[in-house]
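The structure appears below as structure tokens.
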Amino acid sequence: VARPFSELPGTWRTGWLNLFHFWQEGGFHNVHNIMIHKFQKFGPIYREKLGLYQSVNIINPEDAATLFKSEGNYPERFMVPPWVAYRDFRNKPYGVLLKKGEAWRSNRLVLNKEVLSLQVIDCFVPPLNEVGEDFVKRVRVQIEKSGRGRWTADLTNELFRFALESVCNVLYGARLGLLQDFIDPEAQKFIDAVTLMFHTTSPMLYIPPSLLCRINSKTWRDHVQSWDVIFRHADKCIQNIYRELRLDRKSTKEYPGILSSLLVQDKLPIDDIKANVTEMMAGGVDTTSMTLQWAMFELARTPVVQEQLRAEIFAARQAAQGDMLKMLKGIRLLKAAIKETLRLHPVAVTLQRYTTQEIILQDYFIPAKTLVQVGIYAMGRDPKFFTKPELFDPARWLKMDSTYFKGLGFGFGPRQCLGRRIAELEMQLFLIHMLENFKIETKRGVDIGTKFDLILIPDKPICLTLRAL
Ligand code: HEM
Ligand code: 2DC
């Protein structure tokens with residue numbers, strides 16, 4: 001018979017003391033490394049209490065499988081307190097990110113059809129492809145300007161602009177023009193607001209929403225201002241489309257975009273549509289751009305892999321004869337390279353679920369309603385689950401005997417990432433165009449670490465060189 005919950009290893013008896021130690025260790029930016037340490041110290045399962053929040057942490061793919069298989073039809077993850085607090089403070093509606101129960105599920109089922117389903121994702125290829133091609137044009141201009149056949153830069157903001165342009169072209173069926181030299185200052189403000197919103201979230205992660213508005217700290221005020229900018233700008237974009245629809249100005253494009261489809265269908269209340277489109281617009285900036293930056297960095301450090309991908313892409317291009325949908329079926333290694341990037345550099349340090357019933361993990365009873373976190377960052381770097389984890393080796397995904405519950409970068413099940421298909425296509429098309437046109441290089445021996453800023457990001461600027469092929 002399994003062991004009782006109270007016998008779980010870990011330092012869960014002293015919540016506030018832990019939070020203090022955590023803060024002392026610079027924990028707010030180091031959550032991912034602290035977790036690796038704790039798994040080394042306590043083994044594959046440990047219990048923890050930070051402030052008022054208790055959790056059980058696991059690292060084993062088999063345990064992740066046990067957790068997700070029991071999650072039921074209304075899975076719940078950790079609700080990021082400052083995000084909830086902002087919406088309650090300003091009286092803004094929740095989208096699927098923060099909804100629960102039936103309200104979450106009914107929204108999510110409608111959105112799945114428009115954002116995630118196989119029937120619709122082919123429609124995203126032309127708009128995303130167009131933005132990918134424009135990014136290449138922009139790089140070419142920069143290379144020309146340099147007069148040296150190459151362009152060296154920190155691409156962070158360029159990639160933010162690319163990512164926002166991409167997700168908006170799919171959401172609104174319209175270009176914002178963010179890959180031109182002079183861009184709408186409002187759009188840049190939106191981009192900066194999303195980054196600041198993430199940045200100000202992490203220090204408030206373990207403070208309950210009810211306390212947050214009352215303390216009125218600088219962090220909280222910056223956080224509120226960031227969300228204000230995000231909601232205001234998203235609302236402006238949404239109004240534009242709404243007006244056009246009402247004036248019956250049909251766009252000339254075949255695919256009108258996710259927002260128009262949702263409005264025309266009329267299956268969700270307008271406030272829910274707005275809340276969800278806002279979340280997708282904000283969720284589509286830092287996530288894909290950071291992943292692409294890491295991907296290019298890893299490819300620059302492993303030129304052999306970069307050449308293999310280029311060869312695969314050239315072959316797929318030949319075979320597809322200009323048919324992009326067909327081409328996307330011939331790039332197995334590139335898809336594996338994106339998985340491999342998310343293994344080493346996941347956006348989310350953990351996946352979390354509240355248990356709905358008692359389950360057994362590592363031979364311990366875990367009661368219902370417990371917050372269980374899967375440490376996907378720690379899992380991706382553990383030699384028990386990935387041989388030579390430090391190597392960037394996309395082919396491992398094609399030859400591993402079992403990938404069972406190991407590729408979890410977008411989460412799992414009915415609550416997995418809503419933007420997954422958009423993100424995957426956007427990143428595949430971007431990398432196709434970049435590798436067809438440029439050699440990606442970086443200075444040797446520069447070590448880039450990881451920083452927790454709610455999402456995981458590089459701890460210093462990554463400098464990349466793009467050389468015309
Ligand atoms: C949720 C990762 C891009 C919108 C999530 C979750 C993860 C994740 C791990 C939690 C899933 C779970 O609990 O099982 C990523 C990664 C991305 C990415 C790695 C890109 C590399 C995007 C994009 C959008 C988006 C482009 C918007 C179009 C969302 C939303 C949720 C979510 C709305 C909440 C879904 C719900 O609770 O029902 N994402 N994401 N994400 N993501 Fe993403
Ligand atoms: C952060 O301990 C660390 O995709 C916490 O696009 C647990 C936690 C809970 C939810 C996670 C969050 C972490 C990281 C960022 C995630 C978020 C769920 C969705 C969000 C993973 C791991 C993200 C980035 C969304 C954000 C959409 C938003 C801007 C509207």
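Nothing in this text is a laboratory measurement; each read-out follows from the coordinates by a stated rule. Predicted, not measured: the structure shown is a model, and the values here were computed from it. Quick reminder, even Gly has a Cβ in these numbers, built from the backbone with ideal geometry, and neighbours come from all protein chains shown.
For region 225-237, the Karplus equation 6.51 cos²θ - 1.76 cosθ + 1.60, evaluated at θ = phi - 60°, returns couplings of 4, 4, 4, 4, 4, 4, 5, 5, 5, 4, 4, 4, 4 Hz by residue, with Gly and Pro reported as x. Ranked for footprinting exposure by Cβ neighbours inside 10 Å, fewest first, 214, 175 give 214, 175.
Taking the average, over residues, of other Cβ atoms within 10 Å as the packing measure, peptides 313-324, 220-231 rank 220-231, 313-324 from highest down. Here the gap between residue 144 and residue 184, fully extended at 0.36 nm per residue and compared with their Cα-Cα distance, gives a gain of 12.0 nm.
Computed on the chain, with alpha-carbon pairs under 8 angstrom and 6+ residues apart, the relative contact order is 26 percent.
Rounded to whole Å, give me the distance from the Cα center of region 378-409 to that of region 1-79. With region 378-409 and region 1-79 each reduced to a Cα centre, they are spaced 22 Å. Per-peptide packing, taken as the mean over residues of other Cβ atoms within 10 Å, places 1-9, 447-455 in the sequence 447-455, 1-9 from highest down. For region 23-65, the Cβ-based charge dipole about the Cα centre amounts to some 140 debye (Lys, Arg positive; Asp, Glu negative; other atoms uncharged). For residue 46, nonlocal amide neighbours, meaning residues 5 or more places apart or on other chains whose placed amide H falls under 5 Å from its own, are 57. Mind running the shape call on region 1-63? Use the C-alpha gyration tensor, a ≥ b ≥ c as the square roots of the eigenvalues: rounded below 1.5 for a/c, prolate if a/b tops b/c, oblate otherwise. Oblate, because a/c is 1.5 or more while a/b does not exceed b/c. In this label model, residue 70 and residue 89 are separated by 3.7 nm, measuring between points 7 Å along each Cα→Cβ vector.
Working note: Karplus 6.51/-1.76/1.60 with θ = phi - 60° gives region 145-156 the couplings 4, 5, x, 10, x, 8, 9, 10, 6, 7, 8, 3 Hz, where Gly and Pro are set to x. Couplings for region 347-356, taken from phi via the Karplus curve 6.51 cos²θ - 1.76 cosθ + 1.60 with θ = phi - 60°, read 6, 9, 5, 9, 10, 9, 9, 7, 5, 9 Hz in order; Gly and Pro are left as x.
The protection proxy used here, the mean number of other Cβ atoms lying within 10 Å of each residue, ranks peptides 433-443, 236-246 as follows, highest first: 433-443, 236-246. Taking other C-beta atoms within 10 angstrom as a stand-in for reagent exposure, 459, 401, 272 fall in the order 401, 459, 272, fewest first.
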